[in-house]
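The values are calculated or read from the model by the stated rules, or taken from the named source; none is laboratory data. Remember, it's a predicted structure, so these values are computed and weren't measured experimentally. No Cβ is skipped: glycine too gets one built from the backbone with ideal geometry, and neighbour counts run over all protein chains shown. To get the accessible areas, we keep the full protein, side chains included, count just its heavy atoms, and leave off ligands, DNA and RNA. Shrake-Rupley method; radii C 1.70, N 1.55, O 1.52, S 1.80 Å.
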Amino acid sequence: MSYPYVLLSAAVSLDGYLDDTGPERLLLSSPADFDRVDAVRASVDAILIGAGTIRADNPRLLVNSAERRAARLAEGRPEYPLKVTVTATGDLDPDANFWHTGGDKLVYTTDRGAEQAAHRLGDAAGIVPLGPGLDWRALLSHLHDVRGVRRLMVEGGGTVHTQLLQLGLADELQLVLAPLFVGDPAAPRLFGPGTFQAGRLRLTETRRIEDVVLMRYEPTAPGTGPVPTAADRHWLRTACRLAERCPVSETAFSVGAVVVAADGTELARGHSREGGDPVVHAEEAALAKIDPADPRLAGATVYSSLEPCARRASRPAPCAALILRAGVRRVVTAWREPDTFVSSADGTGVLVKGGAEVVVLPELEALAKAPNTHLLG
């Protein structure tokens, strides 16, 4: 499955309460930050909120700037992003602002909720049933593959944010901290109870905006097993970009690799022909920088822009064997090795036979191939 880039956006007070308090809504953001949010809305393909937020806040979810809307049209995009909501029951108010402003609207719901939603909304929105329950992976895949959504902004509420983070589906969290206390025990919190990723998120930006602070975070902890997470996509993109550093070769692929511990700590990275060695492979270069006795290797994931090699002439051990010897049992890659230099290459087969899980993310194949176009014809 391929998913859009999922950006969670929220504002909270110093005591952790979400900017979502119903009819007596307390606005935590500053005017300058509202303009920033408007710019983010203008940049995305779709905006999603939960049905509870529609009931509590009655939002319009518009791009307010006429200049930004004009820029979208000039780029060949709709004036407004697609507006999306999620409901298990289909209990939606047809008079809400959500349905009567902006562009196209879409409702994701259960099979049972679809009937109720169609009865209440008529032709005000498209309705997509997801089965007996709400399946976030199916929802995101439908947005990506059917609706062409590549960037999705999620503006709440807390239940939606919690579920996407717990499932490892959020690529980025944009959090604005307001300098005040709410002190109301009934005010909603940004995230509910549950199990989130192991380890710390990565802080990618802090920015002062009048009297609030914007903080941007990315998840770091690899997934487990065959189901990819947003962090897996992040680390594999990193590996693909490392491949761009490789000296150009007519006889070998350009590949990047990153080794990441289970808690999201980067252990090492490498790329083909690194350090002036004309035959070193990316995975080999990365693993050589890690103490073989490091206990974190057993739970680590290797991200390689190209499937690790199963056979090679330049060194005694191919990269698939080096990964297994290191104790790593999970590999994420963007594309399988073609027959350009080695016929019937099957590093995946070697890894699987050795007890490793191999996950392929085809949505990043083009990025991985980019430094190798001169070899692919």
Discussion item. Order Thr238, Thr265 by their accessible area, 1.4 angstrom probe, all chains in place, largest first.
Written reply: Thr265, Thr238
Worksheet item: So, with a 1.4 angstrom probe, what is the percent of accessible area on the chain that is carbon and sulfur?
Response: 53 percent
Item to complete: Under a cut-off of 15 Å between alpha-carbon atoms, report the aspartates and glutamates in cross-link reach of Lys289, not counting same-chain residues fewer than 8 places apart.
Response: Glu266, Glu274, Asp277
Practice prompt. Kindly sort Lys83, Lys353, Lys289 by accessible area of their heavy atoms, largest first, with the probe set to 1.4 Å.
Written response: Lys353, Lys289, Lys83
Worksheet item: What ranking do 102-115, 174-187 get when scored by the average of other Cβ atoms within 10 Å per residue, highest first?
Response: 102-115, 174-187
Item to complete: Compute the long axis of helix 111-121 from its Cα atoms, compare it with the longest principal axis of the Cα atoms of the chain, and write down the angle in degrees, 0 to 90, nearest 10.
Response: 40 degrees
Worksheet item: Of the residues Thr53, Thr195, Thr87, which exhibits the maximal mean-square fluctuation in a Gaussian network model of the chain defined by a 10 Å Cα contact cut-off?
Response: Thr195
Worksheet item: Under a GNM of the chain (C-alpha, springs under 10 Å), which listed residue has the highest mean-square fluctuation: Val149, Val248, Val260?
Response: Val248
Worksheet item: Per residue, how much accessible area does region 167-210 have with a 1.4 Å probe, in Å²?
Response: 62 Å²
Worksheet entry | MRE, 222 nm, helices only [DSSP H, n ≥ 4, -39500 (n - 2.57), over the chain, to nearest 500] | -7500 deg cm²/dmol
Discussion item. Just to confirm the number: angle between the C-alpha axis of helix 31-43 and the first principal axis of the chain, 0 to 90 degrees, nearest 10?
Written reply: 60 degrees
Fill in: Percent RCO, i.e. relative contact order, over region 309-377, from Cα pairs under 8 Å lying at least 6 residues apart
34 percent
Practice prompt. May I ask for the angle, rounded to the nearest 10°, between helix 136-145 and the longest principal axis of the chain, with both axes built from Cα atoms and the value confined to 0 to 90°?
Written response: 80 degrees
Practice prompt. Could you please put Met1, Met153 in sequence from largest to smallest accessible area, using a 1.4 Å probe?
Written response: Met1, Met153
Item to complete: May I ask what percent, to the nearest 5, of DSSP beta bridges between residues of the chain are antiparallel?
Response: 40 percent
Worksheet entry | Ordering of 65-74, 338-347 by burial proxy (mean other Cβ atoms within 10 Å per residue, highest first) | 338-347, 65-74
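For region 233-377, give the share of DSSP beta bridges that are antiparallel, in percent and rounded to the nearest 5; count only bridges with both residues there. Walk me through the intermediate numbers first.
On the way: 9 of 16 bridges.
Counting DSSP beta bridges with both partners in region 233-377, the antiparallel share is about 55 percent.
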Practice prompt. Taking only Cα atoms and a 10 Å spring cutoff, compute GNM fluctuations for the chain and point out the largest among Leu242, Leu190, Leu121.
Written response: Leu121
